[in-house]
Amino acid sequence: MESAVIELDEKKRIIQEFVPGKQVTLCHVIASPDDSLYAKLGLIDARGAIGIMTITPSEAAMIAADVSTKAAAVEIGFVDRFNGSLVITGDVAAVEAALHSVMQVLCDMMGYSPTPMTKT
């Protein structure tokens, strides 16, 4: 029995919890990312600003992707309906406009709890 306890202690476990309800937990613009960041994120042909969102429930990432591309000249870099992540790219003004539009639809229209849009 003791060895089983030791084995359990050596294993790393990650527990992901979602809060009940609807909320945007991250809305951020990276205005001038380092070129190496594009490659690290798998955004091979991307240039310009990067917009990042995390949304709960995660399926709303699909709505966010749709709204963002209709609101401004941005490209979807990544969308994950299982984790609620959205990454978009474009010029700074377009990324900010797209994220603002997504926040408007999710928070004002659909009742999601907002988070402030941040920028670095």
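Since every read-out is calculated from the coordinates, none of them should be taken as a lab result. In this text, all values refer to a predicted model and were calculated from it rather than measured experimentally. Cβ placement follows ideal geometry from the backbone for every residue including glycine, while neighbour counts extend to all protein chains displayed.
Explain nothing, just compute: Karplus ³J(HN,Hα) = 6.51 cos²θ - 1.76 cosθ + 1.60, θ = phi - 60°, for every residue of segment 85-99 in order, whole Hz, x for Gly and Pro.
9, 9, 10, 10, 9, x, 6, 4, 4, 5, 5, 4, 5, 5, 5
If the viscosity is 0.890 mPa s and the temperature 25 °C, what Stokes-Einstein diffusion coefficient in µm²/s follows for segment 18-119 when Rh is the Kirkwood radius over Cα pairs?
Working: Rh = 13.2 Å.
Once the numbers are plugged in, D ends up at 186 µm²/s.
What's the angle, to the nearest 10 degrees (0 to 90), between helix 60-71's Cα axis and the longest principal axis of the chain?
20
What's the magnitude of the charge dipole for the chain around its Cα centre, counting Lys and Arg as +1 and Asp and Glu as -1 at the beta-carbon? Answer in Debye, nearest 20. Intermediate values should be presented prior to the final figure.
On the way: 9 positive and 15 negative charges, 51 e Å.
Dipole of the chain, to the nearest 20 debye: 240 debye.
Across the chain, how many lysine pairs, 8 or more apart or on two chains, come within less than 30 Å at their alpha-carbon atoms?
Lysine pairs meeting the criterion: 9.
Averaged over all directions, how much area does the convex hull of the C-alpha atoms of segment 75-120 cover when projected, in nm²?
Details: hull surface 14.7 nm².
Value for segment 75-120: 3.7 nm².
Output ³J(HN,Hα) for segment 105-118: one whole-Hz value per residue in order, computed from phi by the Karplus curve 6.51 cos²θ - 1.76 cosθ + 1.60 with θ = phi - 60°, and x for Gly and Pro.
Once θ is set to phi - 60°, the couplings for segment 105-118 become 5, 5, 8, 6, 8, 9, x, 6, 6, x, 9, x, 7, 10 Hz.
Restricting to DSSP H runs of at least four residues, report the calculated mean residue ellipticity at 222 nm for the chain, -39500 (n - 2.57) per run over all residues, nearest 500 deg cm²/dmol.
Details: 4 runs with 39 residues, N = 120.
Computed ellipticity for the chain at 222 nm equals -9500 deg cm²/dmol.
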